[in-house]
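First up is the structure itself, then whatever we jot down about it.
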Amino acid sequence: MIQYKTDLPFARKLDATDPIKTFRTRFYIPENTIYMDGNSLGLLSKDSEVTLQHNLKKWKTKAINGWLEGDQAWFYYAEEIGKLAAPLIGAEPGEVIATGSTTVNLHALLSTFFKPKPGKNKILTDETNFPSDIYALKSHLKLRGLDPESHLVMIPAEKDGTLSEDRIIKQMGKDIALALFQSVIFTTSQLLDVAKLTREAHKNEILIGFDCSHSAGVVPHAFDKDDIDFAFWCGYKYLNGGPGSSAFIFINKKHFEKEPLMAGWFGYKKEKQFEMSLEFDHERCAGGWQISSPGILGLAPLEGSLKILNEAGIEQIRSKSTKLTSYFIYLIDQILVKDPYNFYLVALRDPEKRGGHIALKRDTEIRKINETLKSRGIISDFRPPNIIRLAPAPLYNTFQEVWEVVYALKEIIDKKEYLQF
Ligand SMILES: *Cc1c(COP(=O)(O)O)cnc(C)c1O
């Protein structure tokens, strides 16, 4: 346990001894900005710029031959990017593919994994789940003629905004066919115990999947060891792949024989795809769940950014991340909780229960306060009704920036700066 202090030299000392501090120099930090929004859109790295330029050049000079010629031929690129992401979630290379987009990937996974039977035909999720995921779950119930009102079981949040794992587990009955949760809740930053939920789900033959959009690249996972059935996540948050970049799918190898039912030719047996058979036969790996031609320009930045992540190492990244958020929480407790500041945190004081961001709450004026932060060059985001999310990204944010954000919030209240909005 570090004994934190509130002075600026202390923040600078934390930066000086940070083992991964040099990675910041590989990113483009917008000018005069403290960027605390890497959990919405991660920043561009010079490494990603290089891999994107490389692919633009290939298009310029090789055109169609880029698909099969040279190193990193486009035909195999999605698999290559999948391999780079596999260590972040503790999977084998063949279990991960970079493909599609987040919500589309969930649809593709549900086509395979939601197999309702009489008496076992409900889906279990929670009220704090990402709306897009809920829409997809409801679509799949409707597609199978099931009423979402009675077949989508939604666990409510507790009074403090968190989810109770015990309450989730109690609902894992024989009637549930599939369960879907976020690994890290996008609002509160609560990190669920993925291993425990999976163990409990499997006791009642429930297939379980996780949306890892807020943990991929900042929280290590051990999906093989934990025996998760499937997962998916986006590439543009902590993975720094760029706006709308390719997303990812993880499929446990024990499910490779199952059939992708949103089939498309890029999921066909890789070496026979161009035989153009009319009988679909999927590749027995996560790649079998691809649908269409991979968006090469949406994959290219991920090549550079995933190499950075692997170079820094996900364990080191997590270690810095929990220090950054613990320090944030310490400063908030010391400075921003008392009157007239009146901020409070979602109660996630155990770093093991927290993802990469913190959720700061205040009962009044919080939207205006978020606007004021923006006018001061501090990029955070607001999630209704009363949460400001602050994400110190371990690869490019500093302890000093955390300090500056807390003291900016203090000044905003001291001088009532938010009244101008
Ligand atoms: C960001 C995010 C997504 C992204 O959805 P898209 O389909 O890429 O727009 C999905 N789920 C969660 C939990 C997210 O935070």
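The values are calculated or read from the model by the stated rules, or taken from the named source; none is laboratory data. Treat the numbers as computed from the prediction; the structure is a model and nothing was measured. Glycine gets a Cβ as well: all are built from the backbone with ideal geometry, and neighbour counts include every protein chain shown. Ligands, DNA and RNA are stripped out before the accessible areas are found, and what is left, the full protein with its side chains, is counted by its heavy atoms. Shrake-Rupley method; radii C 1.70, N 1.55, O 1.52, S 1.80 Å.
For this structure, a couple of remarks:
- Taking the accessible area of the chain, probe 1.4 Å, and keeping the other protein chains in place, the carbon and sulfur fraction comes to 55%.
- Of the residues HIS221, HIS202, HIS54, HIS357, the one with the largest accessible area comes first in the ranking HIS54, HIS202, HIS221, HIS357, computed with a 1.4 Å probe on protein heavy atoms.
- GLU275-TRP59 pseudo-label distance in nm [points 7 Å out on the Cα-to-Cβ vector]: 3.2
- Calculation over all alpha carbon pairs of region 280-343 in 10 angstrom steps from 0 returns a P(r) of 16, 21, 23, 19, 14, 6, 1 percent.
- In degrees, nearest ten, helix 77-89 long axis to first principal axis of the chain (Cα): 50
- Estimated FRET transfer efficiency when R0 is 30 angstrom, pair GLN316-HIS202 (beta carbons, to 0.05): 0.40
- Under a model in which nothing but the beta-carbon of Lys, Arg (+1) and Asp, Glu (-1) is charged, the chain shows a dipole of about 380 debye around its Cα centre.
- Accessible area per residue in Å² at 1.4 Å probe, computed on region 351-421: 39
- Using a probe of 1.4 angstrom and keeping all protein chains present, the accessible surface of region 156-247 works out to 31 square angstrom per residue.
- With all protein chains in place and ligands, DNA and RNA left out, the 1.4 Å accessible area ranks HIS282, HIS107 as HIS107, HIS282, largest first.
- Only helical runs count toward this figure. For the chain, summing -39,500 (n - 2.57) over DSSP H runs of n ≥ 4 and dividing by all residues gives -11000 deg cm²/dmol at 222 nm.
- Rg and Dmax of the chain, Cα atoms only, in Å: 22.2, 71
- Taking every protein chain into account, the accessible area of region 259-339 amounts to 44 square angstrom per residue (probe 1.4 Å).
- Looking at the chain, the DSSP beta bridges with both ends there are about 55 percent antiparallel.
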